[in-house]
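Since every read-out is calculated from the coordinates, none of them should be taken as a lab result. No experiment lies behind these values; they were computed from the predicted model shown. Cβ atoms come from the backbone with ideal geometry, glycine included; neighbour counts cover every protein chain shown.
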Amino acid sequence: MTYEGLLKQAYKKIKNMDKEEEAIKLLLMELSQQNPHEFYLNLKLEVDENLRLDFLKKLDLYLNDDIPVQHLIGYSYFYGHSFQVNANVLIPRSETEQLVEHVLFYYDKYFSPQHIEVLDLGTGSGCIGLTLALEDEKLDVTISDISEGALKIAKANKEKLKAKVKIILSDLFENIDNSYDMIISNPPYIPDSEEVQSIVKKEPSVALYGGKLGVDFYEKILDHSRKHVNERALIAFEHGYQQKEQIYQFARIFYPEAIIIQLKDLAGKDRFTLIGLGGVLKDEKR
């Protein structure tokens, strides 16, 4: 059977199922250890029998047991890097890549070329903090998480990517002693009562749910961050698209003199809140 034929067979199986063709294509491509260019060139070639059987086995886990494809292959791509993932960490999303882009842009505008201290709070796989450290060596990054399982994955990613970061096990700021020029966080923000897809439930609940309205962690972070933020600093959040106003109000309460800007993701949804202190963001639209 050819790659093309195997994909068509798989697509038939997901008819009337809430599954994604792109996920199935990713599964086969990664299992075949081909890059996208090679994969599309080889669609008419015959599939090795061992590969075919492995693909069908993992396809069944994806379709019937709701195991995410990224868990089945063991990694996910983020900002051009391969990050190890498993059930202990959230699978990196494209929206979070945009958060990294914003942070790098405002570093260049307001801090560069000086070295600054950066905290990635609730790092999970380490995708935010490790990426920042890889993108600019002048960012002295600390990553932290409450989950030992998550930090085990983050440490593995650090070693694989050869990123220079400090790692701290901490429930928010509990074990954090330093102060920072940047604090970045993508905390859990799904409201407790919100129903999610079965496949999302395979990701750790501690990384998903953020209280009744999904904003509990933002209030806690902004409250306790005041002891850990430098006079001139940036706090950057990713959040749910319905949480813009509540997070703005939290920021106003805890940082009344701050400049606050809120940005949309590529889908046009309110997704990011940036809080500038000591003149940071002074030239931005509010």
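For residue 23 and residue 178, calculate 0.36 nm times their separation in residues minus their Cα-Cα distance, and state this gained length in nm to one decimal.
Values: separation 155, 0.36 × 155 = 55.80 nm, distance 4.11 nm.
The residue 23-residue 178 span can extend by a further 51.7 nm.
Which parts of segment 129-154 would a label at residue 169 reach, counting a residue when its backbone N lies under 13 Å from a point 7 Å out along Cα-to-Cβ?
Inside the label zone: 145-153.
If you take the beta carbon distance between residue 12 and residue 87 as r and set R0 to 22 Å, what does 1/(1 + (r/R0)^6) give as a FRET efficiency, to the nearest 0.05?
0.15
Please give the FRET efficiency for residue 48 paired with residue 152, using the beta carbon to beta carbon distance and R0 = 45 Å, rounded to the nearest 0.05. Don't jump to the answer; show the numbers that get you there.
Details: r = 33 Å, r/R0 = 0.73.
Efficiency at R0 = 45 Å is approximately 0.85.
Using only DSSP helix segments of four residues or longer, with each worth -39500 (n - 2.57), what per-residue ellipticity at 222 nm results for the chain after dividing by its residue count and rounding to 500? Could you put the intermediate results ahead of the total?
Working: 10 runs with 110 residues, N = 286.
Rounded to the nearest 500, the figure is -11500 deg cm²/dmol.
In nm, what is the difference between 0.36 nm times the number of residues separating residue 65 and residue 114 and their Cα-Cα distance? Working shown, then result.
Details: separation 49, 0.36 × 49 = 17.64 nm, distance 4.90 nm.
That works out to 12.7 nm of additional length.
Ordered by packing density, taken as the mean number of other Cβ atoms within 10 Å over each peptide's residues, highest first, how do 83-92, 8-17, 98-107 rank? Spell out each step's value before the answer.
Working: 83-92: 21.6, 8-17: 12.0, 98-107: 19.1.
Packing proxy ranking, top to bottom: 83-92, 98-107, 8-17.
Within 14 Å, Cβ to Cβ, of residue 238, how many net charges do the neighbouring residues add up to if Lys/Arg are +1 and Asp/Glu are -1? All intermediate terms of the calculation are to be shown ahead of the outcome.
Values: positive: 93, 244, 264, 269, 271; negative: 95, 97, 101, 120, 265, 270.
Local charge sum for residue 238: -1.
Test of understanding: ordering 165, 47 by Cβ neighbours within 10 Å, fewest first, what list do you get? Numbers along the way, then the final one.
Working: 165 24, 47 20.
Going from least to most buried by this count: 47, 165.
Counting only DSSP beta bridges with both residues in the chain, what percent are antiparallel, rounded to the nearest 5? Write down the numbers at each step before the final one.
Details: 17 of 38 bridges.
Of the beta bridges lying entirely in the chain, close to 45 percent run antiparallel.
Report the gain in length on full extension from residue 162 to residue 56: 0.36 nm times residue separation, minus Cα-Cα distance, nm rounded to one decimal. Present the calculation step by step, with values, prior to reporting the outcome.
Details: separation 106, 0.36 × 106 = 38.16 nm, distance 3.42 nm.
Extra length available between residue 162 and residue 56 comes to 34.7 nm.
Pull up the cross-link candidates among the aspartates and glutamates for residue 57, meaning alpha carbon to alpha carbon under 12 Å and not fewer than 8 places away within one chain.
Cross-link targets: 65.
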